Amino acid sequence: MKWKPFVGTLLALSLAACMTESERNELLFGRSPVTTENVSITVQADKPGPRISPAMWGAFFEDINFGGDGGLYAEMVKNRGFEFPDAMMGWFKISPSLAKGDVTIQTESPYRPSQTHYARIASKAGAPLGISNEGFRGMGVKIGESYDFSAQIRRVDGNSSVVVQLVGEDGTTLAAAPLTGLSGNWSQVKATLKPKDRDGHARLAIFVNGPGTVDIDFVSLFPQKTWKNRAGGLRADMAQALADMHPGFLRFPGGCIVEGSELTNRYQWKNTIGPVEDRKLLIDRWNYEFPWRPTPDYYQSFGLGFFEFFQLCEDIGAAPLPLVNAGMACQFNSGELCPPDQLQPYIQDALDLIEFANGPATSEWGAKRAAMGHPDPFNPPMKMLGVGNEQWGPQYLERLTAFTKAIKAKYPEITLISDAGPSPDDDRFAYLWPKLQEFKVDGHAADIVDQHCYANPIWFLTNAHRFDNYDRNGPKVFFGEYAAQSEAICSTKNRNNLECALAEAAFMTGLERNADVVRMASYAPLFSNTEAWQWTPDLIWADSLRAVPSVNYYVQQMYCKNRGDVVLPTENTASLSMQIPRGRIGLGTNHCAAEFQDVRVTEGDRALLNATLASEAPGFTGGDTWRVASGAYQQSDPNASATSFAGNKSWSYYTLSLKARRTAGSGPIIITVCDDDTHAAASRTQWILGGTTGGPTVADPSKPEYILQTHFAEQDQLLQHDPGTLESNRWYDVKIEVLPTTKPNCAAQVQCYLDGKLIQSAPLPAHMMPQLFTSATRDEKSGDIILKVVNPRESIMYADIALNGAKQLVSLGQATILSGANADEDSLATPTKVMPRTESVVGVGAQFGYKFLPHSMTVLRLATKPGAK
Ligand code: AHR
C-alpha cells in the first residue's frame with residue numbers, strides 16, 4: 001500500500017503555506033472553529049488484501065505502577081513474608097500504652113528455608129500487643145464479601161490468645177476472628193473475615209492478648225472472589241477488564257523489568273513458579289527508577305508468575321508472548337552484559353520455558369507445570385518468544401544470534417521477537433533496523449521486530465502512514481509498546497485523554513491497513529494503581545476497590561472486538577497538510593563550554609538576524625551559564641547541556657551562519673535550526689558537532705561524529721552521521737541551510753557546512769497530517785465489512801462511503817462510536833464519561849452517506865446476507 005494522495009499533499013502544502021501560523025496550527029492540531037468537510041471513503045470490498053492475525057491486537061503486561069503486586073495479583077498484604085530488606089516495611093508495631101513486650105524480626109528455624117525472616121510478638125502484659133499491615137496503599141474491602149486470612153504461626157511460650165482484625169481507615173474494627181489451633185510447631189492458621197463496611201484504606205492487624213510469645217510468617221489476605229474464584233488468585237475486576245478488552249495476545253512480564261537494572265536483578269521465570277512461598281522476592285526496578293516518584297516498598301513477590309500468566313492467557317484466549325532476558329541488563333541503567341561465552345544459562349532458560357509451556361507432563365519442565373495442576377500443555381500454546389526488551393547496539397545482535405541459533409535448532413516453529421531499541425527512528429533504531437533486515441542465522445531471518453514509541457499525539461497522527469512503504473519481504477513488525485503522551489515521555493502530567501486515544505486510534509488504522517507487515521501491536525503499560533504509580537498514561541487504572549478502564553482502553557477494545565480477518569483496501573479524499581519546518585535558531589553545548597560569534601540568519605536577501613555577539617546578545621534566551629565576554633557569547637560551564645535560542649516561529653526556510661569554538665570539556669557543540677518552540681510538536685533540527693550515536697552503552701566517545709538529527713513530538717530521528725572531530729580552542733565557521741525541496745514526502749533539504757565545506761546534507765522528512773483516518777476489514781465468519789474511521793478534528797466529517805464490489809449488503813448496519821471533547825477522560829471520579837455507544841445505521845448500500853462526529857472513532861459494522869462474499 002502506498003501513501004497515496006501526493007497531489008493532495010502538494011495542494012495542501014501550498015494552501016498551508018498561505019495560511020497564518022494560527023490557522024496552520026488549527027489545521028494541524030484541530031483547534032479550528034467548527035467547520036465541516038465532505039469526503040469520500042472508498043472500500044474495495046471485492047479486493048481483499050493481507051490477512052490479519054487473530055493475535056493482531058493484544059495487551060502488554062508489566063509489573064510497573066503496582067500493576068502486579070498491589071494490582072492484578074489479589075494478595076492484600078505487602079511484605080507478607082517479612083522478606084523485604086527492611087523486614088518491617090509495610091508493617092507497624094501496635095503497642096498501646098498498657099501493652100508491654102516487643103515485636104522483633106527473627107531468623108532462627110524459619111518455617112521453610114526460603115522464608116528466612118519472621119516476626120516474633122512477645123507480649124508481657126494483659127493488653128493486646130500486635131502488628132498491622134498497611135497493604136498496598138491501603139486494603140480495599142467490601143461489605144458482603146469474604147476475605148481469606150492465612151498465616152504461619154508458632155507458639156513459643158505462654159497461652160495468650162491471638163486474633164486477626166480488619167481495621168478501617170478511621171480505626172473501626174470491620175471484622176475480627178480468633179486464630180485457633182496454635183502449637184509449638186509452625187502451622188498454617190486460617191480465618192475468614194467478613195467486613196461490616198466498605199473501606200479502601202483498611203489495614204490488617206494481628207494481636208497477641210495476654211502474656212506469651214508467638215512467631216508469625218507468610219501472612220496473607222485474599223478476597224474470596226478472585227478471578228475464576230481461584231484461591232490466592234488474581235483480582236477479579238482487573239482480570240475481567242483485561243478479558244473484556246479481548247486481547248489477541250498477552251505479552252509478559254514486561255518491559256524493563258525483564259532486563260533488570262543489573263543482571264542480578266533481571267527477571268528469571270524459573271524463580272516465579274512452584275509454591276508461592278518459595279518464589280524468591282525481587283526488587284522491582286520501578287522501585288527506584290524515577291527519583292521523582294520513588295516507591296521504596298515495590299518488590300515482586302511473584303505470586304503472579306509464569307504459571308499464572310500462561311493460565312491467564314488460557315482463561316482469556318490470548319496467545320502467550322513471554323519475554324526472556326537476552327543476557328543484557330537495562331541499557332538505560334547499567335547496560336551490564338553477560339559475556340557471550342557465558343550465555344548458556346540464559347539460553348537454557350528460554351529453551352526450558354518452551355518446554356514448560358508446551359512440553360508433555362513427562363518432560364522435565366512439563367512435569368513442573370503438571371505439579372502446579374496443569375498436566376496438559378497450555379492452550380493456546382506458546383508460539384512466540386521475545387528475546388530481550390528494547391535492547392540495542394551490536395551487543396544485542398551478538399546475543400540475539402546465540403539465542404536464535406539455539407532456539408531455532410530445537411524449536412524452529414517458535415517465532416522469535418527481537419528488539420529495535422526504545423524509539424522508532426532514533427540512532428539506535430537506525431543502526432538496528434537495517435541489521436535486522438539482513439539478519440540470518442542458520443538460514444533463519446529475524447521473524448518479528450519489536451518497535452516502541454511513546455510520543456505526543458501528533459506523532460501518532462502523522463505516522464499513520466509509517467508502514468505503507470515498508471519492505472513487504474523484510475522482518476515483520478510488532479508494535480509492542482506505544483502510547484500517546486499528552487505532555488512528554490515520563491512526565492507525571494500525562495493524561496489518558498480522548499485526544500491521545502484518538503491519536504492512537506488513528507495510528508492503528510495504519511497498522512491495520514499494513515497487517516502484512518505489522519503482525520501485532522500493544523499499548524503500554526496496562527495497569528496502574530492510582531495511589532502508587534510511577535508511569536502515566538496507562539490503560540487501566542485501579543485503586544484498592546475499583547478498576548476503571550481509560551478512554552484509551554476503549555480504543556483498544558474497539559479494535560480487538562472488530563478485528564476482521566482480512567484487510568479491505570480503503571482510501572479517503574480528506575485533505576492532508578504538511579508541517580513546514582520553522583522556528584528559532586539555537587546555540588548549544590552538551591557537556592562542554594563553548595563560545596559563539598557573528599550569528600547571521602538570512603532568508604534569501606533578507607536578514608532575519610545579525611548579531612556579532614561582541615558586546616551583547618540581544619534577543620538570545622541564554623540562562624545562568626551564558627554571558628558575553630571577550631568579544632564572544634559564552635556558555636561557560638564545561639558540564640552543562642545548555643542552549644540559547646533566538647528568533648521566532650515565523651522563520652522557515654533560512655540560512656544560519658556563525659562562528660563557534662569549544663573552550664572546555666569534551667562534549668559536542670549543538671546548533672539548532674527550526675525550533676518551533678511548541679509543546680504539541682516540539683520540532684527542531686540539530687547539527688551535533690563531535691557527538692556520538694548509539695546510546696550511552698554503545699557510543700564510543702573516542703569516535704566523535706557529525707550528527708544531523710531532527711526531533712518531532714518527543715522523538716529523535718537520525719538523518720545522517722559521519723566520523724568527525726571537533727577540535728577544542730579552534731574557531732569553526734558553521735553554516736546550515738534549510739532549503740525548500742520538491743522531493744516527495746520531504747519538508748526541506750538541510751545542508752551543513754564547516755569552514756565553507758559541505759559536510760552533510762539530508763532531506764527533512766515531512767510530517768503529513770491527514771484530516772481523516774480510515775481502514776477496513778472483513779470478518780469472514782459473519783461476512784461483515786468493518787470500517788474504522790477516526791476523525792480527530794473539531795469538525796464534523798460528512799462522508800460518501802462507497803463499498804465497491806460489496807454484495808448483498810444488509811441495509812441496517814451498526815455503528816460503535818467513541819466521541820467527546822479532547823480533554824475528556826474516564827477516571828475513578830467519572831468512570832463512564834467517555835464510553836463507546838452503539839447505534840443503528842440505516843440505508844447501508846454500495847453507496848451511502850455517514851456523518852463522523854468531531855473527535856471521534858467510529859466502527860461501522862456493515863452486514864452482508866449469508867453466503868455473500
Ligand atoms: O512501558 C513502560 C516502559 O517503557 C517499559 O518498561 C519499557 O520497555 C519502556 O521503556
- Exposure proxy order (Cβ contacts within 10 Å, fewest to most) of Ser123, Ser636: Ser636, Ser123
- Item | Fraction of alpha-carbon pairs over 15 Å apart in region 529-584 - percent | 71
- By per-residue mean of other Cβ atoms within 10 Å, what is the highest-first order of 107-113, 736-742, 446-452, 509-515? 509-515, 446-452, 736-742, 107-113
- Task: Quick one: angle between helix 498-513 and the longest Cα principal axis of the chain, in degrees between 0 and 90, rounded to 10, please.
- Result: 80
- Task: Beta carbons within 10 angstrom, averaged per residue: use that to sort the peptides 306-319, 819-832, highest first.
- Result: 306-319, 819-832
- Task: Specify the angular offset, from 0 to 90 degrees and rounded to the nearest 10, of the alpha carbon long axis of helix 551-561 from the longest principal axis of the alpha carbons in the chain.
- Result: 90
- Item | Charge tally in the Cβ shell below 10 Å around Ile796, where Lys, Arg are +1 and Asp, Glu are -1, Ile796 excluded | 0
- When each of Lys435/Lys476; Lys47/Lys865; Lys493/Lys788; Lys228/Lys833; Lys124/Lys196; Lys47/Lys781 is checked by Cα-Cα distance, pairs over 22 Å: Lys493/Lys788; Lys228/Lys833; Lys124/Lys196
- Note down the Stokes-Einstein diffusion coefficient of region 215-296 in µm²/s, whole number, using a Kirkwood radius over alpha carbon pairs, 20 °C, and 1.002 mPa s. 138
- Query: Which angle from 0 to 90°, rounded to the nearest 10, does the C-alpha axis of helix 306-316 make with the longest principal axis of the chain?
  - Reply: 70
- For region 710-869, what is Rg from Cα atoms divided by 2.2 N^0.38 Å, rounded to two decimals? 1.66
- Message: Using amide H atoms built in the peptide plane, which far-off residues or other-chain residues are under 5 Å from Ile94 H to H?
- Response: Gly130, Ile131, Ser132
- Residues with amide H under 5 Å of Leu719's amide H, sequence separation 5 or more or different chain, H placed in the peptide plane at 1.01 Å from N; which? Leu708, Gln709, Thr710
- Expressed as a whole percent, how much of the Cα-Cα distance distribution for the chain exceeds 49 Å? 28
- Task: Return the whole-Å distance between the Cα centroid of region 416-475 and the Cα centroid of region 68-104.
- Result: 46
- Item | Order of Ser363, Ser650 under a 10 Å beta carbon neighbour criterion, fewest first | Ser650, Ser363
- Message: Rounded to two decimals, what is the ratio between the C-alpha radius of gyration of region 489-599 and 2.2 N^0.38 Å?
- Response: 1.56
- Query: Using alpha carbon centroids, what distance separates region 514-584 and region 783-838, in Å?
  - Reply: 15
- Take the alpha carbon atoms of region 126-148, find their center, do the same for region 350-387, and report the distance between the two centers in whole angstrom. 37
- Place the peptides 424-431, 67-74, 158-165 in order of packing, highest mean first, counting for every residue the other Cβ atoms within 10 Å and averaging per peptide. 67-74, 424-431, 158-165
- Counting Lys and Arg as +1 and Asp and Glu as -1 over every other residue whose Cβ sits under 14 Å from the Cβ of Thr692, the net charge comes to -4
- Item | Fewest-first sequence of Cys330, Cys490 by Cβ atoms within 10 Å of each Cβ | Cys490, Cys330
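Just so you know, all these numbers are worked out from the coordinates, no wet-lab data involved. Since this is a predicted model, take the numbers as computed values, not measurements. Glycine also receives a Cβ, built like all others from the backbone with ideal geometry; neighbour counts cover every protein chain displayed.
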